[in-house]
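The values are calculated or read from the model by the stated rules, or taken from the named source; none is laboratory data. Model, not experiment: these values are computed from the prediction. For the accessible areas, the whole protein counts, side chains as well, though only heavy atoms, and no ligand, DNA or RNA atoms are used. Shrake-Rupley method; radii C 1.70, N 1.55, O 1.52, S 1.80 Å.
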Amino acid sequence: MSATQRATILLAHGSTDANWLAPFQTLYSNIVSHTEGQRVELAYMELAEPSLQAMVEQLAAEGFGEIDILPLFFAAGRHLRKDVPLLLDEIQQRSELPLTLNLHSPVGLEPEIAEAISRLVIRRLS
């Protein structure tokens, strides 16, 4: 596998509560079943495994040189503005392999998500 291979990490916050983690595993399984031929993994920022750091290191060791991190967050709070970029910088600096890490904006900022939530709330209020 060449260093130009690309993978995507779906990043969730994490929790010690299995009930909180379950929807993310279901979402991940659904995405993987529809993205054949693409490497997609699920990782957590904290409180659950695999951690973001461990997943980046695993993918890099497998030869993935470009990794997109797609946060499954509603908005970009402190974690996505400060903590995650610092962690990704540290991982890149320590890596002995060529590695490009691309942190994307959270999925909650996509217009389709806002529209879906609005429709759901309006339906429940009706």
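What the table shows:
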| read-out | value |
| --- | --- |
| Over region 76-126, volume per residue of the alpha carbon convex hull, in Å³ | 80 Å³ |
| Estimated [θ] at 222 nm from DSSP helical runs (n ≥ 4, -39500 (n - 2.57)) normalised by residues in the chain, nearest 500 | -13000 deg cm²/dmol |
| Cut-off under 5 Å, modelled amide H: who pairs with L42 long-range | L10 |
| Structure-derived semi-axes √(5λ) of the Cα gyration tensor in Å - corresponding label in (i) 22, 16, 14; (ii) 26, 16, 13; (iii) 28, 16, 14 | (iii) |
| Apportionment of accessible area to carbon and sulfur, the chain, percent (1.4 Å) | 55 percent |
